[in-house]
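Down below is the structure, laid out as structure tokens.
The values are calculated or read from the model by the stated rules, or taken from the named source; none is laboratory data. The structure presented is a predicted model; accordingly, all values stated were derived computationally and were not measured. Because the Cβ atoms are built from the backbone with ideal geometry, glycine has one as well, and the counts that use them run over all protein chains shown. Remember, those area values only see protein heavy atoms, side chains included, never the ligands or the DNA or RNA. Shrake-Rupley method; radii C 1.70, N 1.55, O 1.52, S 1.80 Å.
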Amino acid sequence: MTERDRLSFVLHGAVVYSKDKDEMNCFEDAYAVCKDGISEGVFTKLPEEYKELPLIETGGQLIIPGFTDLHIHAPQFQFRGNGMDIELLPWLETYTFPEEAKYSDLSYAEKAYRLFTEELINGATVRASVFATSHRGATLRLMEMLEESGLVTFVGKVNMDRNVPDYYVEDTEGSLSETEKWLNEAAKKGFSRTRPIITPRFTPSCSRELMTGLSELAERYAAPVQSHLSENLSEIKWVSELEPDTSSYADSYVKAGILKKSIPCIMAHCVWSEEEEQEILLENNVFIAHSPDSNTNLSSGAAPVKKYLEKGMNVGLATDVAGGHSASMINAVRSAIRVSKLRNRLFDRDTKALTFPEAFYMATKGGGAFFGKAGSFDKGYSFDALILDDMRIPTTREDLSAMERAERFIYLGDDRYISGKIVAGKRIR
Ligand code: GUN
Ligand code: FE
């Protein structure tokens, strides 16, 4: 057995993780114990019972839980950083649909998804909920690559049967039958870290009939659901025209039977969700995927996530590549704080800015909760860790606390400072 195959070990270094949204557990010198891939907790003095386990000495490096990217589009990775000149709806037509249509070609998908997977392996993301395209073959190939990477992911074949160009649209029947085939094929692969998630793109591109059919599949196959909600003002107006019997955008998902308590669900953005919609999200335990970089790049707005957190809603962070320009969750944490400050300063004095502990919490335990016990070193949590060589970021200050080091890493760090990465107890780099 090589060091990489071990699922039980002790990591020694400085340790920082969230207790809850307001408080951090910070240790300048501690031992994080992983047994069979599960955390046993963090100790300042290593208990006798763990002394037999192999000790990984980091030399004082910083150990934090890895980040969960709650919403990312794998096929959009190839045009990230371009096409930031227009808002959501024309952006989809001009940049997104033409690129996603290319994934009917498996050899293109192979090349493109390889680059995407490598970026996630090298970055700070340990778990992700991923949109693929409508193509069953390419989506399965992406799932195989992600399974091999060691990351833990949900991956969705996208569904769309209206308001999408002819070269990319599906018919209702075909969309449902391809989805069911894909669910069966994915089950046969026997993946241990990669699970399917039902993925109606958003209400404008999915008829009520398609959405209802998808909700039946979600229940029959015990699969969760992901989609987009209240991202952009033109989109919201369009939904009210397309679905006149609904009282809010979220209600279009409720009426189709896809947003309900029995189906775990991630909704990306919720920038403009009003009281009624917030109640629907809260009652149904929906996870909000907040993507500050996407919100700013596509001029969507600045979601009031602080308010959502205070209301006890489930909120995680997301890159939303390619609405978000970067697949780096380090950027997402930093941007969440900065965008919340602009919202507060410029137009919403009642919604306070996010604190560093809150943003860190959303990127770890907040979003991680969609996967079960993930995003913490508390006993019983899946052991996902980043080992950070953060003191290579130049400073004369050798007396930084563990908390100051974590904050400084978020503001100044990038993938180059990640010296080790462990997902569900398995070392993947
Ligand atoms: N709404 C529907 N599709 C998309 C997408 O691909 N990206 C974003 N940001 N919003 C969407
Ligand atoms: Fe998105």
How large, in percent, is the carbon and sulfur part of the accessible surface of the chain at a probe radius of 1.4 Å?
49
For region 143-252, build the charge dipole from Cβ charges (+1 Lys, Arg; -1 Asp, Glu) around the Cα centre, then report which of Ala218, Tyr249, Trp238 sits farthest towards its positive end.
Ala218
In order over region 58-64: 3J(HN,Hα) from phi, Karplus 6.51/-1.76/1.60, θ = phi - 60°, whole Hz, x for each Gly or Pro, gives 8, x, x, 5, 8, 10, 10
Two-site label geometry, Glu23 and Arg392: point separation in nm, points 7 Å out along Cα→Cβ:
3.5
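What is the antiparallel percent of DSSP beta bridges lying wholly in the chain, to the nearest 5?
Values: 24 of 58 bridges.
If I count the DSSP bridges inside the chain, around 40 percent turn out antiparallel.
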Could you report the chain's accessible area per residue, 1.4 Å probe, as an integer in Å²?
38
Residue by residue, what Karplus-based ³J(HN,Hα) values in Hz, rounded to whole numbers, does region 144-154 have, using 6.51, -1.76 and 1.60 with θ = phi - 60° and x for Gly and Pro?
4, 5, 5, 4, 5, 5, x, 5, 10, 9, 9
For Cys34, solvent-accessible area (1.4 Å; no DNA, RNA or ligand), Å²
0
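Could you work out the relative contact order of region 335-400, using alpha carbon pairs under 8 angstrom and six or more residues apart, expressed as a whole percent? Can you show the working numbers first?
On the way: 46 pairs, mean separation 10.4, N = 66.
Relative contact order, region 335-400: 16 percent.
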Which far-off residues, 5 or more places away or on another chain, put their amide H under 5 Å from the one on Thr58, with H placed in the peptide plane?
His12
Calc'd 3J(HN,Hα), region 221-235, phi into Karplus 6.51 cos²θ - 1.76 cosθ + 1.60 (θ = phi - 60°), Hz, glycine/Pro = x, comes to 9, 6, 9, x, 10, 9, 7, 10, 8, 6, 8, 9, 5, 5, 4
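What's the magnitude of the charge dipole for the chain around its Cα centre, counting Lys and Arg as +1 and Asp and Glu as -1 at the beta-carbon? Answer in Debye, nearest 20. If you can, show how the numbers build up before the last one.
On the way: 50 positive and 65 negative charges, 181 e Å.
Here the size comes out at about 880 debye.
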Over what distance in Å are the Cα centres of region 93-142 and region 339-386 separated?
26
How many times 2.2 N^0.38 Å is the alpha carbon radius of gyration of region 26-87?
1.85
Between Phe79 and Glu144, what is 0.36 nm times their sequence separation minus the Cα-Cα distance? Round to one decimal in nm.
21.1 nm
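Using a 1.4 angstrom probe on the protein heavy atoms only, line up Leu281, Leu176 by accessible area, largest first.
Values: Leu281 5, Leu176 40 Å².
Of Leu281, Leu176, the descending order of accessible area is Leu176, Leu281.
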Heavy atoms of Lys307: accessible area, 1.4 Å probe, square angstrom to 10:
70
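When the helix-only estimate is applied to the chain (DSSP H runs of n ≥ 4, each -39,500 (n - 2.57), divided by the residue count), what is the mean residue ellipticity at 222 nm, nearest 500 deg cm²/dmol?
-10000 deg cm²/dmol
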Using r as the Cβ-Cβ distance of Thr94 and Ser240, and R0 as 25 Å, what FRET efficiency do you calculate, to the nearest 0.05?
0.55
Length-normalised contact order of the chain in % [C-alpha pairs under 8 Å, at least 6 apart]:
22
Asp36: accessible area at probe 1.4 Å, nearest 10 Å²?
120
